[in-house]
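Asks: The structure that follows is given in the form of structure tokens.
The values are calculated or read from the model by the stated rules, or taken from the named source; none is laboratory data. Owing to the predicted nature of the structure, the values given are computational and were not obtained by experimental measurement. Cβ atoms come from the backbone with ideal geometry, glycine included; neighbour counts cover every protein chain shown.
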Amino acid sequence: MIPEEEQLVLACRNHDQEACRQLYDKFAPIMLGVCMRYTHDRDTAQDILHDGFIKVFANLKHLRTPESLSTWIRSIMVNTALDTIRKTINTVSIDNLTIDPSYTTDMQEFDHIDTETIVKALQQLPAMQRFAFNLCEIEGYSEKDAAEYLRVQPSTVRAYCCRARQILQKQLFDNN
């Protein structure tokens, strides 16, 4: 963490409202993007962002390595998004998913497409596919860790990711 962030964290821990606002202003735009990947609409994403920052400020005293502030905040946002969404989703049986044998795990195929287009396509995915894809392909979680978050088997996460990739490939490459 750069020295100004370290001072910001210390001030926030001392309940300095201006420092809290600065921390929020610095990370909120980035974290809203993270939240948008887990929901269909901006209002829900903003609710998740708000709930996430409540957790950030409540738990800032537990931040052990201030150098990892951004990563720590991101993990809180992902967990908050999953907790929020988990309350409202119904899981889909893996038996209903079809797997394309040409499935690839190379994310470079999406490099030429702008972020806003990808986020819009992600938001149209069925919930569990979107969550699995976000966790594994974007956030870098292992299938095992994603399975624990989603409360499914790792093979189910793999199937969700595969199906999400198929849908995204069709949406993004058939429309470009």
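Asks: Among the residues of segment 149-176, write down those that are assigned to a helix (DSSP H, G or I) and exposed (fewer than 13 other Cβ atoms within 10 Å of the Cβ).
Replies: Scanning segment 149-176 gives Ser155, Lys170, Phe173, Asp174.
Asks: Yes or no: Cys162 farther than 18 Å from Ile113 by Cα, outside the structural domain of Leu82 (by TED's automatic domain parsing) and touching a residue at least 60 places away in the same chain (Cβ under 8 Å)?
Replies: So Cys162 fits the description; yes.
Asks: Kindly indicate the residue of segment 6-42 that is part of a helix (DSSP H, G or I) and β-branched (Val, Ile, Thr) and also surrounded by the fewest Cβ atoms within 10 Å (Cβ to Cβ) among those meeting that condition.
Replies: Going through the qualifying residues, I end up with Ile30.
Asks: For the structure I just gave you, tell me whether Ala146 is among the aliphatic types (A, V, I, L, M), touching a Lys or Arg at 6+ places or on another chain (Cβ under 9 Å) and part of a helix (DSSP H, G or I).
Replies: no
Asks: Shifting gears a bit: When segment 43-67 is examined, which residues are found to be of a type in the set (Asp, Glu) and loosely packed, with under 13 Cβ neighbours inside 10 Å?
Replies: Selection gives Asp43 alone.
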